[in-house]
Amino acid sequence: MFPESVKKLIDQLSKLPDIGPRAATRLVFYLLNQKQPDLDELSESIKKVKTEIGLCQQCFNLVSKGENLCSICRDKKREVSAICVVETVLNIPTIEKTKQYNGLYHILGGLISPTDGIGPDNLRIKQLIERVKKSQPPVKEIIFALSPSTEGDTTSLYIERLLKPMGIKISRLGRGLSMGSDLEYIDENTLTNAFLGRR
Ligand SMILES: [Zn+2]
């Protein structure tokens with residue numbers, strides 16, 4: 001029905017999360033109405049999105065290629081004695097929006113999930129422990145902001161056991177987060193309350 005180039009782009013966009021063939025078709029016809037320089041800029045951005053980035057050496061947040069530390073780790077106004085442990089980079093903007101936290105982060109890169117074959121060694125747990133051991137000034141509080149799920153609980157418990165002998169205050173987000181919900185989709189107010197109610 002459509003020329004090959006149009007069909008191909010519809011197919012590719014349909015593979016994106018939350019975009020079905022109908023939405024993809026609408027997007028392609030929107031793009032067909034744009035000016036060529038704008039399309040070039042878009043395709044250039046897509047081309048570079050993965051090659052022009054790196055990971056923060058301290059917390060594993062995304063950084064521009066060549067940078068060692070992310071903007072949060074470099075920020076002198078942040079409380080360096082607190083580390084909030086999260087599953088993915090996507091959790092950071094969600095927590096930042098609550099304005100309840102001014103410490104640093106540590107991105108695990110997933111949760112322990114034996115059914116998916118993800119064990120502690122597949123996550124950045126060793127790096128967290130090393131970081132806490134070496135931290136100067138010393139880390140005083142570790143906050144687990146992981147999804148309230150079996151995997152989240154298993155992961156928190158596993159890391160807590162490793163941290164316990166170090167005598168650091170460990171807290172988890174408080175009530176209000178329903179079991180099984182994904183931290184990424186929790187609304188701001190609920191997350192704010194969970195932060196204030198951390199135990
Ligand atoms: Zn960082």
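The values are calculated or read from the model by the stated rules, or taken from the named source; none is laboratory data. From a predicted model like this one, the values you see are computed outputs, not experimental measurements. A quick note on method: Cβ atoms are made from the backbone with ideal geometry, for glycine too, and the neighbour counts reach across all protein chains shown. Side chains are part of the model used for accessible areas, which takes the heavy atoms of the whole protein and leaves out ligands, DNA and RNA. Shrake-Rupley method; radii C 1.70, N 1.55, O 1.52, S 1.80 Å.
Ignoring everything except DSSP H segments at least 4 long, calculate the 222 nm mean residue ellipticity for the chain; use -39,500 (n - 2.57) per segment, divide by total residues, nearest 500. Theoretical 222 nm ellipticity from helices: -12000 deg cm²/dmol. Placing R0 at 22 angstrom, the Cβ-Cβ distance between residue 126 and residue 150 gives a FRET efficiency of 0.45 after rounding to 0.05.
Principal-axis analysis of the Cα atoms of the chain puts helix 4-14 at an angle of about 20° to the longest axis. Largest GNM mean-square fluctuation across 116, 75, 18, computed for the chain with C-alpha springs under 10 Å, falls on 18.
The peptide list 53-59, 144-150, 1-7, put in order of mean Cβ contacts within 10 Å with the highest first, becomes 144-150, 53-59, 1-7. How much net charge surrounds residue 171 when only the other residues with a Cβ under 12 Å from the Cβ of residue 171 are counted, with Lys and Arg +1 and Asp and Glu -1? Local charge sum for residue 171: +3.
Computed from Cα positions, the angle between helix 36-48 and the longest principal axis of the chain comes to roughly 40 degrees.
With contacts taken as Cα pairs under 8 Å and at least 6 residues apart, the chain reaches a relative contact order of 15 percent.
The Cα trace of the stretch 34-117 gives Rg and Dmax of 16.3, 50 Å, the first to one decimal, the second as a whole number. So which trypsin sites (Lys or Arg not before Pro) in the stretch 47-101 pass both tests, a DSSP loop state and at most 16 other Cβ atoms within 10 Å of the Cβ? Those satisfying the criteria are 50, 65, 76, 77, 78, 99.
Value of Rg to Rh for the chain, rounded to two decimals, is 1.06; Kirkwood radius and Rg both from alpha-carbon coordinates. Of the GluC sites (Glu not before Pro) found in the stretch 44-117, the ones in coil according to DSSP and having at most 14 other Cβ atoms within 10 Å of their Cβ are 52.
The charge dipole of the stretch 1-114, taken about the Cα centre with unit charges on the Cβ atoms of Lys, Arg (+1) and Asp, Glu (-1), comes to about 120 debye, rounded to the nearest 20.
Taking Cα atoms only, the orientation of helix 21-32 departs from the longest principal axis of the chain by about 70 degrees. Based on alpha-carbon atoms, the Kirkwood radius and the radius of gyration of the stretch 81-199 give Rg/Rh equal to 0.94.
Rolling a 1.4 Å probe across the protein heavy atoms gives the chain an accessible surface of 64 Å² per residue. Across the stretch 134-175, Cα-Cα pairs farther apart than 14 Å form 49% of the total.
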